[in-house]
Amino acid sequence: MKLIFDEKVLDYQGTLGFKQRLICAYEFLKHHHSFIKPEIKITEPLVHTRELIKKVKERNFFNPDSPAYENIYNYAILALNSAIKAQEIQGFSLLEPPGHHAGKNFLGGFCYFNNIAEAVKQSNLKTLIMDIDGHHGNGTQDIFENDPDVFYISLHRSPLYPGTGLNSKNNILNLPLPADCGERIYLETLQKAIKKAQGNFKFKQIAISAGFDTYQGDLASLNLTKDSYRKIGKIIKKLSQKTNSRVFAVLEGGYTTNLGELIHEFTSSISE
Ligand SMILES: [Zn+2]
């Protein structure tokens, strides 16, 4: 998978204050991958209300989990367009701020605009969204609940921020998992979820909210290892071949210093 990246993000204040995470990941990944820069095609996302867009543009909001950083609108728009580029070329967007906690009319959890949701919306393709970040993507669920063109699966640690994602309904399949459950339980749950999604929904595209904070010792640890992300990538690859679907991925969380290696395992197993 090709990576979409722009060095402008290296000045970003960082998600949860982890300013180094992308710098380290980029330093590692540049020895293994080529990068493509995003183009700014969209400045007004379709998946958010005018009210939220205006708030972010004017930095007129207060949310302790999503600081009104200087130039936040420009960074959020850059990450949004990077996700759109990832959709177009079936790549991986390596930018932040992340997006899956941003809903139609709310921001939160260091997310301002929902990158993956906008890329899915712009693509006009029936899409299976797989959210493998360790936190529940409450924003993505909010945007696509009851949308006949999207099926959303989320595997996340519970109890944990934002406290949602305990129940499933219609096109939303939430699978809360206990802390440090480990790879075997994780992969079994993922396979079951995929089976259920396939039984309920015909899709042409798989969009991955790729968070790596499920890694052992990270903020939402499910005790996954480096090899687990390779296995998850292989499962996704197999599914895309079987269903003849496009695949793209967008970075969400993941705060360990070896984030780059985890992304490399994941993306290379999908393109192998
Ligand atoms: Zn997370």
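A short reminder: the numbers here are calculations on the coordinates, not readings from a lab. Predicted model, so just to flag it, every value in this text is computed and none were measured. Cβ sites come from the backbone with ideal geometry, for glycine too, and all protein chains shown count toward neighbours.
Antiparallel versus total DSSP beta bridges in segment 3-271: what percent is that, nearest 5?
Details: 3 of 32 bridges.
The answer is about 10 percent antiparallel.
Given a Förster radius of 41 Å and the C-beta distance between E70 and H32 as r, what FRET efficiency does 1/(1 + (r/R0)^6) yield to the nearest 0.05?
0.80
I'd like the Karplus ³J(HN,Hα) series for segment 75-90: coefficients 6.51, -1.76, 1.60, θ = phi - 60°, whole numbers in Hz, and an x wherever there's a Gly or Pro.
Each residue of segment 75-90 in turn: 5, 5, 5, 5, 5, 5, 5, 5, 5, 5, 5, 4, 4, 5, 9, 6 Hz.
Using the per-residue mean of other Cβ atoms lying within 10 Å as a proxy for protection, in what order, highest first, do the peptides 37-47, 149-159, 55-65, 3-13 fall?
So the peptides 37-47, 149-159, 55-65, 3-13, ranked by packing, come out 149-159, 3-13, 37-47, 55-65.
Lys/Arg Cβ at +1, Asp/Glu Cβ at -1, dipole of the chain taken about the Cα centre: which of F110, L166, A207 is farthest positive-ward?
It is A207, whose Cα lies furthest towards the positive end.
Fewest first, what order do H136, H33 take by the number of other Cβ atoms within 10 Å? Don't skip to the answer; put the middle values down first.
Details: H136 28, H33 22.
So the residues, fewest neighbours to most, are H33, H136.
From the phi angles alone, apply the Karplus equation (6.51, -1.76, 1.60; θ = phi - 60°) to segment 259-270 and give each ³J(HN,Hα) in whole Hz, x where the residue is Gly or Pro.
Calculated HN-Hα couplings, in order: 3, x, 5, 5, 5, 5, 4, 5, 5, 6, 6, 6 Hz.
Whole-Hz Karplus ³J(HN,Hα) for segment 156-166, in order, using 6.51 cos²θ - 1.76 cosθ + 1.60 and θ = phi - 60°, x for Gly and Pro?
Coupling constants for segment 156-166: 8, 6, 9, x, 5, 3, x, x, 9, x, 8 Hz.
Students often check this: by mean Cβ neighbours within 10 Å, which of 239-248, 103-112 ranks highest, and how do the rest follow?
By packing density, highest mean first, the sequence is 103-112, 239-248.
Compute the distance in nm between two label points, each set 7 Å from the Cα along the Cα-to-Cβ direction, one at F62 and one at E44.
Label-label distance for F62 and E44, simple model: 3.0 nm.
What lysines sit close enough to K237 to cross-link, taking a C-alpha to C-alpha distance under 19 Å and skipping anything fewer than 8 places away on the same chain?
K2, K126, K192, K195, K196, K202, K204, K226
Quick check: Cα centre of segment 195-229 to Cα centre of segment 89-105, how many Å?
15 Å
Under a 5 Å amide H to amide H cut-off, with H placed in plane at 1.01 Å, what residues pair with V247 once short-range neighbours are removed?
Placed amide hydrogens put I206 under 5 Å from V247.
Among 205-213, 139-147, how do they line up by average Cβ neighbours within 10 Å per residue, starting with the highest?
Working: 205-213: 26.6, 139-147: 21.2.
Result, highest mean Cβ count within 10 Å first: 205-213, 139-147.
Using modelled amide H (1.01 Å from N, peptide plane; none on Pro or chain starts), what sits under 5 Å from the amide H of H156, excluding residues fewer than 5 places away?
L175, L177
Taking every pair of Cα atoms in segment 38-178, average 1/r, invert it to obtain the Kirkwood radius, and report Rg/Rh to two decimals.
Ratio value, two decimals: 0.95.
Give me the mean projected area, in nm² to one decimal, of the convex hull enclosing the Cα positions of segment 3-271.
Over every viewing direction, the Cα hull of segment 3-271 projects on average to 12.0 nm².
Using the Cα centre of segment 121-272 as origin and beta-carbon charges of +1 (Lys, Arg) and -1 (Asp, Glu), tell me which of G182, Y152, L262 is placed farthest towards the positive end of the dipole.
Y152
Only Lys, Arg, Asp and Glu count, each charged at its Cβ (+1, +1, -1, -1), so figure out the dipole size of segment 3-271 about its Cα centre, rounded to 20 debye.
Dipole magnitude for segment 3-271 comes out near 920 debye.
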